[in-house]
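The values are calculated or read from the model by the stated rules, or taken from the named source; none is laboratory data. All of these numbers come straight from a predicted model, not from anything done at the bench. Here the Cβ positions follow ideal geometry from the backbone for every residue, glycine too, while neighbour counts run over all protein chains shown.
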Amino acid sequence: MNSPLPAINVAANSGGPKTYRCGSLTYTKAGLVGIFAWLLWGDFCLMLMEAVVPSVLPLKLKALGCSNVMMGLIMTTIPGTLNMTICPYASFKSDRYRSKWGRRIPFIASTMPFLCISLFMLGWSDEIRVVLQRHVPVLNGYAPVTVTLALIAFFMAMFQFFNMFVNSVFWYLFNDVVPPQFIGRFIGLLRIVSTLAAALYNYFIFKYAESHMREIFLGATVLYFVGFGLVCLMVKEGEYPLLEGESDRDNRGIAGIKTFLKESFSHKFYWLAFSATACGGMAGAIGGFNVFFFREMGLSLEQIGKLAAIGGVAVLAAMFLAAVFIDRWHPLRIRVYMTVFGVISSCASWVWIFVNLPGNYFFWLCAGSTLIGALQTALAVTAASPSQMRMFPQSRYGQFCSAQAMLVSFSIIGAGMLAGLFVDGVKHFCHDAEFAYRFNFLWSALFSSTSALLIILVYRDWYRMGGDKYFHPPAPWCAKKVEEIPIAPTVGPQTRWMNFSFRLLDAILALSVLGIPFLMWWMHYKQAMLAFKWFGILLLPLSVWVWLWWNWIRRGIQQDMGRIRNHQAPRNGLPHHGMLIVLGASFLLGSGMWLVQVILTINLGMNTEAIVFGVANVVTNFLLVGCVRLFVSIERGHLVTLDEALA
């Protein structure tokens with residue numbers, strides 16, 4: 001087992017100001033603030049620019065009568081194909097590129113003008129079609145809609161081609177210019193800025209997506225060209241040594257491809273990590289159709305935009321807290337827990353197959369659910385990039401990120417079209433074609449469950465290779481077969497906070513049981529006797545059973561905690577207290593939301609819908625307790641200490 005390397009320390013000049021190093025770069029506090037500011041400004045411009053295409057273009061395609069399959073091809077398959085090819089090339093070459101301007105910024109600056117041109121032309125595709133059909137007679141034989149769709153597909157491919165250089169290389173720049181001891185906090189700030197940009201766009205701009213599409217695309221083009229251009233001028237890279245274990249001959253042509261594949265795909269650990277991310281991407285392939293789901297549920301574009309903005313602001317606020325815990329609890333651990341418990345949320349939308357609420361009621365229920373899950377979402381989003389930094393070799397970080405992106409793109413290259421086929425297939429079984437969008441959750445639940453299974457396998461391999469204390473990334477090009485990295489300390493299970501998490505989970509299950517008699521009294525008062533009957537004969541006994549199951553699991557954990565305090569081997573592992581507190585708080589607030597849902601539907605005279613919400617609560621609690629039991633098993637032999645300040 002390799003011993004941990006010391007953390008990278010802050011350098012200080014004798015009698016001078018404190019300085020911070022990142023490779024050959026040295027910063028004072030003012031310089032550190034400056035590099036943070038420019039990188040965050042660049043991310044703000046990039047996020048606003050990238051928010052436009054996936055949100056506005058589906059509405060344009062829908063207005064043109066584009067089929068769901070064609071929409072999936074344009075919005076998902078084309079970008080996925082380019083991501084599978086261009087991203088690995090740019091990443092592999094930028095890792096090895098050396099110039100007086102650095103190794104990342106030249107790739108960004110040289111492709112930025114072409115990206116802006118293609119973005120502009122996407123917004124003005126109708127006008128370009130008119131000009132072409134006026135001056136190119138052969139195009140007059142085609143319908144205007146056909147020509148416009150062809151132009152959009154071409155401009156989309158052009159936009160995604162050049163965007164691949166920027167969107168991949170920019171993220172690698174952080175590792176090159178930000179001091180390692182600040183990378184976690186920087187990523188937290190980066191996520192906050194990204195969320196703020198998305199929230200501002202969704203709240204103030206998205207409502208004009210149909211009426212002012214051209215102006216939105218023009219504004220995004222100008223902002224990106226000016227704003228991101230300043231970043232290329234103001235951010236300076238340092239000097240880079242040549243990579244260990246390679247020669248120039250290994251990095252060219254076919255030899256370069258072999259080097260890329262040999263280094264990136266030769267270890268099972270990376271295959272599992274890449275595949276987990278790929279399945280998460282496939283789960284999101286249905287996202288392009290979510291706007292139609294919300295419309296089916298009675299929301300206007302303005303309400304959809306505000307809902308996204310509310311969620312963005314809530315996550316933005318939660319990220320301040322999330323950033324504190326990323327390094328303390330380990331980003332990979334956070335990612336694993338959030339992915340597994342996130343499956344519950346993916347499955348929860350099944351209720352809308354059976355429930356029809358007035359649009360305003362649905363809006364506020366969605367807003368409440370978004371606020372409740374804000375911290376959980378913030379942790380998942382913020383932990384994603386740092387978890388990769390802890391798993392992938394630092395010397396080839398860009399290469400491994402691109403290898404993952406290539407596998408992700410290969411996996412989802414057909415996911416866009418398949419998602420469209422899925423929606424079209426469901427429509428054949430629905431009397432109302434728009435009702436089919438209510439089944440979107442089936443797609444996301446399937447692939448998010450697969451992603452959760454794979455990330456659990458990654459987590460177990462990570463433990464076998466050292467875990468919190470001794471993990472070093474596998475590196476087949478090194479004599480030791482691992483690349484040593486600094487080990488950041490983490491906080492393990494704490495008795496005080498474990499007991500607090502138990503009280504949260506006790507409250508969830510108790511509220512679900514004790515709340516039913518109150519709801520039944522209200523149902524009797526409102527003469528909702530159908531709901532009264534089923535809550536009494538089915539939901540109350542099931543809720544009691546889930547509560548008893550949780551008590552049995554909790555006693556087992558507490559007995560293991562006692563064994564550890566008595567210096568005995570526990571029978572299982574301990575779920576991490578931090579994860580249980582976050583999840584317990586979210587699900588406790590969700591239980592309050594369940595009471596509101598049932599009371600609301602009873603007041604509206606919707607007996608069947610009240611029963612559906614009751615069943616959903618029982619299912620959610622069952623899955624919650626089941627996930628806790630799963631992690632008791634996963635942590636067996638690993639999290640078996642108590643009250644250690646640092647792991």
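Points worth noting:
- Boolean, residue 516 is surrounded by 19 or more Cβ atoms within 10 Å (Cβ to Cβ) and either free of Cβ contacts under 8 Å to residues at least 60 places away in the same chain or more than 28 Å from the chain's Cα centre (by Cα) (or both): yes
- Test result for residue 320, touching a Leu at 6+ places or on another chain (Cβ under 6 Å) and aromatic (Phe, Trp, Tyr): no
- Residue 164 being crowded, with 21+ Cβ neighbours inside 10 Å, modelled with pLDDT of 85 or more and assigned by TED's automatic domain parsing to the domain that holds residue 324: yes
- Residue check, residue 436 at pLDDT below 90, crowded, with 17+ Cβ neighbours inside 10 Å and in the same structural domain as residue 283 (by TED's automatic domain parsing): yes
- Beta carbons closer than 9 Å, at least 6 apart along the sequence or on distinct chains, pair a first residue in the stretch 553-571 that is over 19 Å from residue 628 (Cα atoms) with a second that is among the β-branched types (Val, Ile, Thr) and part of a loop (DSSP other than H, G, I, E, B) for 564/640; 564/641; 569/640.
- Looking across the stretch 311-347, the residues that are touching a Lys or Arg at 6+ places or on another chain (Cβ under 9 Å) and of a type outside the set (Val, Ile, Thr) come down to 316, 319, 322, 323, 327, 330, 331, 332.
- Residue under evaluation residue 40, criteria (1) under 21 Å from the mean Cα position of the chain (by Cα); (2) crowded, with 22+ Cβ neighbours inside 10 Å; (3) not acidic (Asp, Glu), criterion not met: (2)
- Complete set of residues in the stretch 394-423 that are over 24 Å from the mean Cα position of the chain (by Cα) and modelled with pLDDT of 85 or more: 421
- The set of residues in the stretch 45-59 being touching a helix residue (DSSP H, G or I) at 6+ places or on another chain (Cβ under 6 Å) and surrounded by fewer than 20 Cβ atoms within 10 Å (Cβ to Cβ) consists of 47 alone.
- Qualifying residue in the stretch 90-98 (condition: within 15 Å of residue 160 (Cβ to Cβ), under 22 Å from the mean Cα position of the chain (by Cα) and either without any contact (Cβ under 8 Å) to a residue 40 or more places away in the chain or in the same structural domain as residue 422 (by TED's automatic domain parsing) (or both)): no
- Residue within the stretch 241-263 that is of a type in the set (A, V, I, L, M, F, W, C), in a helix (DSSP H, G or I) and modelled with pLDDT of 90 or more present: no
- Matching option when the condition is under 17 Å from residue 172 (Cβ atoms) and assigned by TED's automatic domain parsing to the domain that holds residue 168, among 141, 102, 80, 72: 102
- From the list 619, 544, 640, 596, the one residue that fits, being in contact with a Cys (Cβ under 9 Å, 6 or more places away or on another chain) and surrounded by fewer than 21 Cβ atoms within 10 Å (Cβ to Cβ), is 619.
- Within the stretch 376-398, residues that are at negative phi reach partners that are of a type in the set (Lys, Arg) with beta carbons closer than 8 Å, at six or more positions or on different chains, in the pairs 378/191; 380/335; 381/191; 382/191; 383/335; 384/335; 387/335.
For (1) aromatic (Phe, Trp, Tyr); (2) over 16 Å from residue 192 (Cβ atoms); (3) out of contact with any strand residue (DSSP E or B) (no Cβ under 8 Å at 6 or more places or on another chain); (4) not assigned by TED's automatic domain parsing to the domain that holds residue 76, each residue gets a yes or a no:
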position: 276; (1), (2), (3), (4): no, yes, yes, no
position: 289; (1), (2), (3), (4): yes, yes, yes, no
position: 293; (1), (2), (3), (4): yes, yes, yes, no
position: 306; (1), (2), (3), (4): no, yes, yes, no
position: 326; (1), (2), (3), (4): no, no, yes, no
position: 348; (1), (2), (3), (4): no, yes, yes, no
position: 369; (1), (2), (3), (4): no, yes, yes, no
position: 379; (1), (2), (3), (4): no, no, yes, no
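- Total residues in the stretch 133-149, condition among the hydrophobic types (A, V, I, L, M, F, W, C) and surrounded by 15 or more Cβ atoms within 10 Å (Cβ to Cβ): 3
- Filtered by the rule that a residue be part of a strand (DSSP E or B) and either acidic (Asp, Glu) or within 30 Å of residue 124 (Cβ to Cβ) (or both), the stretch 21-75 gives no residues.
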